[in-house]
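Quick notes on the structure that follows.
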Amino acid sequence: PALSIHVYTHREVHGTVGSHVTLSCSFWSSEWISEDISITWHFQAEGSRDSISIFHYAKGQPYIDDVGTFKERMEWVGNPHRKDGSIVIHNLDYTDNGTFTCDVKNPP
């Protein structure tokens, strides 16, 4: 049997070109937070059908994907033990418009 994890993010986040923005991701699970917890952030550019992975947290380590425009501008500020999977994107650009999705898995 599988149990759900409730993930909470802001519906809309606004930023100014050149500034930074925090993409908040908090979650709730009825189960304890395992060492195998993983958090993945995806980005779908405005007008695009494709979504790309831009950040991954696994095995206690943050990994910023080295593809795309976010690789040099992203900062991990989350803490899974506090049920927080937030990231910061620095030096915002107008091409950052789109949909960001936070995906949390807490096996088993």
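The values are calculated or read from the model by the stated rules, or taken from the named source; none is laboratory data. Quantities reported herein were computed from a predicted structural model and do not represent experimental measurements. When we count neighbours, we look across all protein chains shown, and the Cβ atoms used for this are built from the backbone with ideal geometry, even at glycine. The area values use the complete protein model at the heavy-atom level, side chains included, leaving out ligands, DNA and RNA. Shrake-Rupley method; radii C 1.70, N 1.55, O 1.52, S 1.80 Å.
Before moving on, here are some points about what is shown:
- Residues of the stretch 57-104 that turn out to be among the charged types (D, E, K, R) and surrounded by fewer than 13 Cβ atoms within 10 Å (Cβ to Cβ), as a count: 5
- Residue that is nearest to Ser30 (Cα to Cα), among those in the stretch 50-108 that are assigned to a strand (DSSP E or B) and polar (S, T, N, Q): Asn79
A quick yes/no check of all residues on (1) modelled with pLDDT under 95; (2) closer than 22 Å to Glu12 by Cα:
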{"site": "Ser51", "(1), (2)": "yes, yes"}
{"site": "Lys59", "(1), (2)": "yes, no"}
{"site": "Thr69", "(1), (2)": "yes, yes"}
{"site": "Ser86", "(1), (2)": "no, yes"}
{"site": "Tyr94", "(1), (2)": "yes, yes"}
{"site": "Phe100", "(1), (2)": "no, yes"}
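- When the criteria are applied in full, Tyr8 meets the requirement of being open to solvent by 70 Å² or more (accessible area, probe 1.4 Å), within 16 Å of Thr101 (Cβ to Cβ) and under 13 Å from the mean Cα position of the chain (by Cα).
- Here Glu35 meets the list (1) in a strand (DSSP E or B); (2) more than 24 Å from Thr95 (Cα to Cα); (3) free of Cβ contacts under 8 Å to residues at least 40 places away in the same chain almost entirely, failing just condition (1).
- Search result, residues across the stretch 38-47 that are exposed (fewer than 14 other Cβ atoms within 10 Å of the Cβ) and touching a strand residue (DSSP E or B) at 6+ places or on another chain (Cβ under 7 Å): Glu46
- Counting only residues that are at pLDDT below 95 and open to solvent by 40 Å² or more (accessible area, probe 1.4 Å), the stretch 16-30 holds 2 of them.
- Residue check for Val13: under 17 Å from Cys102 (Cβ atoms) and assigned to a loop (DSSP other than H, G, I, E, B): yes
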